Amino acid sequence: MADARPFHWEFEPPKIPRERFLVEGGVALDGTIRVSGAKNAALKMLAAATLTGERCVFSNVPEIEDVRVMAETLSDMGVVVDHPEQNVYEVSAGDVDWLFVPLEAAAKMRASFMLLGPLLSRFGEVVISNPGGDRIGRRPVDLHVDAMRAMGAQIDYRYGYYYAKAPGRLRGTEVRFPFVSVMGTENAMLAATLADGHTVIRPAAQEPEIDDLILFLNKMGAEVSRTYPDTIEVVGKRRLRGAEHSVMPDRIETGTFAIAAGVTGGHVVLEGADGGTIAALVEVLEQTGISVTTGDGRVEVDARSIGPGTMRPVDITTGPYPELATDIQPPTTVLLTQAAGDSRVHEAIFEDRLEWTGELAKMGAKIDLKGTQRAVVHGPAKLHAADVEISDLRAGASLILAALAAEGTSSIGGAHHVRRGYENIERKFLDLGARIERVQEGELGNSG
Ligand code: EPU
């Protein structure tokens with residue numbers, strides 16, 4: 001299917017409070033923090049809860065803006081969402097009276113499209129906005145739509161919305177993707193749990209968040225299994241039941257703080273972390289000379305004896321799991337500015353995920369872009385404070401890391417982007433001895 005254009009006619013993004021981070025660099029981070037639940041698992045589980053009318057209870061849900069948006073989107077459709085205590089969400093989708101996911105939700109968060117599969121499969125119809133682009137490049141949803149069509153759905157695209165119908169039930173089938181897609185795999189998998197018959201998804205993405213989602217689905221009474229590393233099979237059921245689940249730790253947050261230790265020449269212990277899910281990053285950190293110990297639900301990173309400026313350069317390439325995650329590429333790029341020599345970065349997943357390095361350059365980083373997806377990072381660069389602007393979530397966390405390693409006090413605008421995916425990031429940095437504060441400024445429009 002052609003790459004459908006998002007529809008922005010008459011759409012006014014809501015005003016959201018504008019915030020900045022003020023970060024005074026030069027402190028080697030030292031201490032212990034607890035890693036939060038995984039954003040990219042929690043969001044899909046909240047969507048999956050619409051597969052049943054019974055109550056689903058989630059713990060270890062990160063308190064982040066994207067989760068709040070997903071909860072609000074569900075509430076707007078008539079789903080009962082309770083938030084009885086910090087990090088706990090309860091979802092009851094007994095009555096869904098409005099099978100409509102508006103542009104307002106899609107503009108804030110691409111993961112709103114995760115409602116396509118479960119709503120279509122359970123209720124037989126949904127009207128859902130095209131989530132369109134993002135600041136990290138064109139991000140189409142054709143694979144999701146093609147997967148639903150392969151399962152028998154009729155989907156029309158009009159005025160920025162997909163009108164999806166599944167007369168009768170969706171049918172189990174072989175869903176063949178041209179390449180690996182995380183949410184494409186998840187959407188097909190959720191739809192298949194209530195489809196008539198057996199579905200085979202391949203190549204299926206291998207991200208650990210997908211396996212955590214499978215655990216939850218099977219607690220709901222679904223029959224989902226990863227039969228080969230790149231194959232997921234689902235036997236459809238007539239109905240699913242409520243279930244409880246504790247969300248896995250966030251591996252991108254784990255990686256971000258691991259790199260924070262490295263880039264400041266510090267020592268950080270991450271509790272409640274799963275070192276196995278960041279193996280590709282651990283390899284990169286060890287190649288630079290940073291010491292990493294994993295096991296027993298903790299990750300310990302010690303860069304005190306190597307420190308910025310003396311680390312070894314490393315060439316990195318992002319890829320689908322188990323390769324190095326694209327979400328950890330921006331923080332890793334910051335680390336490489338402190339290596340003694342040139343490192344090459346190849347961002348193989350997204351088109352524009354190196355653009356933000358223009359902001360990093362304002363802090364003294366020496367980075368040559370080779371097209372849009374490759375760069376050479378010349379290290380070691382002496383980073384200095386600057387006034388910079390965040391364009392997306394991961395770039396935001398990375399600019400904080402750069403500011404922590406820089407001399408002087410940096411002012412980082414667009415702090416709301418970081419709130420989307422990191423729970424209380426400044427509190428965690430403060431606990432590690434960083435000098436960081438979040439300050440309010442007037443108001444600005446959301447950029448999703
Ligand atoms: N793609 C298509 N058509 C589709 C779907 C994807 O062409 O229908 C392309 C994308 O444009 C991209 C590639 O396929 O070039 C892979 O994208 P994928 O579908 O795997 O990404 P996603 O599912 O949209 C999730 C995460 C991202 C993470 C990527 C890759 C969530 C909510 N988002 O996105 O996380 O970068 O997988 O691992 O799970 C983040 O957390 O900051 C973030 C952006």
Checking Val269, Val126, Val376 against a Gaussian network model of the chain (alpha-carbon springs below 10 Å), the top fluctuating residue turns out to be Val376
In nm, the gap between the two label points placed 7 Å beyond Cα toward Cβ at Arg18 and Val88 is 4.0 nm
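Summarise the accessible area of region 286-372 (1.4 Å probe, protein heavy atoms) by the percent that is carbon and sulfur.
Working: 1680 of 3630 Å².
So the carbon and sulfur contribution to the accessible surface is 46 percent.
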Between the Cα axis of helix 39-48 and the main Cα principal axis of the chain, the angle (0 to 90°, nearest 10) is 10 degrees
Across Asp342, Asp97, Asp212, the residue with the highest GNM fluctuation in the chain (Cα network, 10 Å cutoff) is Asp97
Largest fluctuation, Ala71, Ala48, Ala280 only, Gaussian network model of the chain with Cα springs under 10 angstrom, belongs to Ala280
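Among the listed pairs Lys44/Lys219; Lys44/Lys165; Lys108/Lys362, which have their C-alpha atoms separated by more than 24 angstrom in this model? Each step should come with its number before you reach the end.
On the way: Lys44/Lys219 15 Å; Lys44/Lys165 21 Å; Lys108/Lys362 28 Å.
Table pairs above 24 Å Cα-Cα are Lys108/Lys362.
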Measure of exposure for Trp98: accessible area at 1.4 Å probe, Å² rounded to 10, is 140 Å²
Everything considered on the Cα gyration tensor (a ≥ b ≥ c; rounded for a/c under 1.5, else prolate if a/b is larger than b/c, else oblate), region 329-448 must be described as oblate
Computed curve, the chain, Cα-only Debye sum without solvent term, log₁₀ I(q)/I(0) at 0.10, 0.11 Å⁻¹, is -0.69, -0.84
Which residues qualify? For Glu423, with a placed amide H closer than 5 Å and at least 5 residues away or on another chain, they are none
Percent antiparallel among DSSP beta bridges confined to the chain, rounded to 5, stands at 75 percent
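Between rounded, prolate and oblate, where does region 21-102 land on the alpha carbon gyration tensor, with a ≥ b ≥ c its root eigenvalues, rounded for a/c under 1.5, else prolate if a/b exceeds b/c?
prolate
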Under the rule rounded for a/c under 1.5, else prolate if a/b exceeds b/c, else oblate, using alpha carbon gyration tensor axes a ≥ b ≥ c, region 143-242 is classed as oblate
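Please work out the FRET efficiency for the pair Glu323 and Val439, using the Cβ-Cβ distance as r and a Förster radius of 45 Å; give the result to the nearest 0.05.
0.75
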Here region 193-210 yields Karplus 3J(HN,Hα) values (6.51, -1.76, 1.60; θ = phi - 60°; whole Hz; Gly and Pro given as x) of 4, 10, 7, 8, x, 9, 10, 10, 10, 7, x, 8, 5, 10, 4, x, 5, 5
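The values are calculated or read from the model by the stated rules, or taken from the named source; none is laboratory data. Predicted model, so just to flag it, every value in this text is computed and none were measured. In this analysis, Cβ positions are derived from the backbone assuming ideal geometry, glycine residues included, and neighbour counts consider all displayed protein chains. These accessible areas exclude ligands, DNA and RNA; they are computed on the full protein's heavy atoms, side chains included. Shrake-Rupley method; radii C 1.70, N 1.55, O 1.52, S 1.80 Å.
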